[in-house]
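Quick notes on the structure that follows.
The values are calculated or read from the model by the stated rules, or taken from the named source; none is laboratory data. A quick note: this is a predicted structure, and the numbers were derived from the prediction, not measured. Here the Cβ is made from the backbone with ideal geometry for all residues, glycine too, and neighbour counts use every protein chain on show.
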Amino acid sequence: MPVSTEIIDAKGAYLSPGFIDIHVHGSGGADVMDATPQALQTISETLLQTGTTSFLATTMTMSTEAVDKALQNVQKNALSLEGAKIFGVHLEGPFLNPEKHGAQDKRYIKNPDLALIDPYLQEIRMITIAPEMPGAEKFIRHLGMYHPHIILSIGHSDANFEQSKESFGWGISHATHLFNAMNPCHHRKPGIVGAVFDAEVTCDIIADLVHTHPSILKLVHQLKGDKLFLITDAMRAGCMKNGTYDLGGQKVTVEGGKATLADGTLAGSVLKMNEALKNMMQVSAMTRIEAVNAVTKHPARKLGIEAGELKAGYPADMVIFDEDFSIITTIVDGEIKYEG
């Protein structure tokens, strides 16, 4: 054993790879759209409290100038963070359906346009898109052929079952926060959800017991198994107190674990990743190992990165937690970054 090796006594707690959040807008009072180095650092440090050691910095549908600034900020500062690492960008919009804009500002929604993302293709690792919008098929096929590192995900969409299945053939391989910001699954019109259930695509879900009913979480786990990932979709109010916050330029009220716009629309979440794991184990048949895999190994493999496993040659990103998923220690690249 090397002389410099540090031995940590976990005292019977659990050790797993560090959690990976592929959909998080902010935390600790900061948001990716703030487009400042300090905002990214605040998010990076705060997420350590939840066991998250890496994430996709997720944008909002705002002006082209605002999105450009946020993406340029990630380009310049992602590698200098001292907490959780940024693996890339999740572009949530602006290529959405205005009818399913949710908490996204529909004034800034645009039809798919490769020119808008061309300067950031190296940083972008995931795009949520409504495939029924004009120009979407060409956009999706182009990215699938020339930039296969980018996950294309159906979301904020009103595509019907047939349109959704067709888009999977173009290159859509994932679904963003299943059930939310999309048409409902009706027995005569199964829509996006029905298409996801009828295909091998992966999907993610917000397991905060607010965005989706416990019975739905149980059902999705039964149907999708290891193709189900857990996300937080957390906004700047993550790990903060109740109050009024901003999300994409819109006022959001946070109370009792629920974030809403003035009209009652759900606006992201204040879910912590470790709480998502706990919730899934309580309401579904998901085992502890399955829950951990849903935020480590499976999203890492989807991203095509060597992470999410305790394996030789992989980053020493780890988390120690107790029976209830309370975070005891978070380790990034072999260094203790957080102790609860």
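With Asp31, Asp9 as the choices, which residue is under 25 Å from Thr176 (Cα atoms) and among the acidic types (Asp, Glu)? Step through it out loud before you land on a result.
Numbers: Asp9 fails: under 25 Å from Thr176 (Cα atoms).
None of the others qualify; the one that does is Asp31.
Of all residues in segment 320-340, which are in contact with a helix residue (DSSP H, G or I) (Cβ under 6 Å, 6 or more places away or on another chain) and under 11 Å from Gly18 (Cβ atoms)?
Ile327, Thr330, Lys337, Tyr338
May I ask you to verify whether Ala267 is modelled with pLDDT of 95 or more and surrounded by 15 or more Cβ atoms within 10 Å (Cβ to Cβ)? Spell out how you get there, then give the answer.
On the way: modelled with pLDDT of 95 or more: no; surrounded by 15 or more Cβ atoms within 10 Å (Cβ to Cβ): yes.
Answer is no for this residue.
Of all residues in segment 202-233, which are part of a loop (DSSP other than H, G, I, E, B) and touching a His at 6+ places or on another chain (Cβ under 8 Å)?
Filtering segment 202-233 for residues part of a loop (DSSP other than H, G, I, E, B) gives 207-213, 232-233.
Listed by number, the residues that qualify are His211, Thr232, Asp233.
Within segment 103-155, work out how many residues are modelled with pLDDT of 95 or more and not in a helix (DSSP H, G or I).
The qualifying residues number 29.
Could you please find all residues in segment 159-178 being out of contact with any strand residue (DSSP E or B) (no Cβ under 7 Å at 6 or more places or on another chain) and over 17 Å from Met126 (Cα atoms)?
First, pick out the residues of segment 159-178 that are out of contact with any strand residue (DSSP E or B) (no Cβ under 7 Å at 6 or more places or on another chain): 159-163, 165-166, 168-170.
Once the filter is applied, which keeps residues that are out of contact with any strand residue (DSSP E or B) (no Cβ under 7 Å at 6 or more places or on another chain) and over 17 Å from Met126 (Cα atoms), segment 159-178 yields Ala159, Asn160, Phe161, Glu162, Gln163, Lys165, Glu166, Gly169.
Quick check on segment 37-51. Is at least one of its residues aliphatic (A, V, I, L, M), within 14 Å of Glu123 (Cα to Cα) and modelled with pLDDT of 95 or more? Explain how you work it out, then say what you get.
As a first pass, look at segment 37-51 and keep what is aliphatic (A, V, I, L, M): 39-40, 43, 47-48.
Narrowing further to those that are within 14 Å of Glu123 (Cα to Cα): none.
Within segment 37-51, none of the residues are aliphatic (A, V, I, L, M), within 14 Å of Glu123 (Cα to Cα) and modelled with pLDDT of 95 or more.
Does segment 58-67 hold any residues that are touching a residue at least 12 places away in the same chain (Cβ under 8 Å) and either more than 17 Å from Asp246 (Cα to Cα) or β-branched (Val, Ile, Thr) (or both), and which are they?
The first filter runs over segment 58-67 and keeps only residues touching a residue at least 12 places away in the same chain (Cβ under 8 Å), leaving 58-64, 66-67.
The answer is Thr58, Thr59, Thr61, Thr64, Val67.
Could you check Ser153 against (1) surrounded by 15 or more Cβ atoms within 10 Å (Cβ to Cβ); (2) more than 15 Å from the chain's Cα centre (by Cα) and say which number it fails?
Exception for Ser153: condition (2).
Give segment 34-47 a look and list any residue that's out of contact with any Leu (no Cβ under 7 Å at 6 or more places or on another chain) and crowded, with 24+ Cβ neighbours inside 10 Å, or say none. If you could, list the steps in order and put the result at the bottom.
Initial filter on segment 34-47 (out of contact with any Leu (no Cβ under 7 Å at 6 or more places or on another chain)): 34-39, 42-43, 45-47.
Residues satisfying the conditions are Ile43, Thr46, Leu47.
Residue by residue through segment 205-231, note down the ones that are within 20 Å of Val24 (Cα to Cα), of a type in the set (A, V, I, L, M) and crowded, with 22+ Cβ neighbours inside 10 Å.
Our first condition is that a residue be within 20 Å of Val24 (Cα to Cα); within segment 205-231, this holds for 205-212, 217, 227-231.
Applying the additional criterion that residues be of a type in the set (A, V, I, L, M) yields 205-207, 209-210, 217, 228, 230-231.
Once the filter is applied, which keeps residues that are within 20 Å of Val24 (Cα to Cα), of a type in the set (A, V, I, L, M) and crowded, with 22+ Cβ neighbours inside 10 Å, segment 205-231 yields Ile205, Ile206, Ala207, Leu217, Leu228, Leu230, Ile231.
May I ask you to say which residue of Pro98, Pro37, Pro119, Pro112 is in contact with a helix residue (DSSP H, G or I) (Cβ under 8 Å, 6 or more places away or on another chain), farther than 17 Å from Gly268 by Cβ and free of Cβ contacts under 8 Å to residues at least 12 places away in the same chain?
After ruling out the rest, the residue left standing is Pro98.
Just checking, how many residues over segment 306-322 are touching a residue at least 60 places away in the same chain (Cβ under 8 Å) and within 16 Å of Tyr14 (Cα to Cα)?
Result for segment 306-322: 9.
If you check Ala66 against the conditions, is it crowded, with 21+ Cβ neighbours inside 10 Å and either of a type in the set (A, V, I, L, M, F, W, C) or closer than 18 Å to His156 by Cβ (or both)? First the steps, then the outcome.
Working: crowded, with 21+ Cβ neighbours inside 10 Å: no; either of a type in the set (A, V, I, L, M, F, W, C) or closer than 18 Å to His156 by Cβ (or both): yes.
For Ala66, the condition - crowded, with 21+ Cβ neighbours inside 10 Å and either of a type in the set (A, V, I, L, M, F, W, C) or closer than 18 Å to His156 by Cβ (or both) - is not met.
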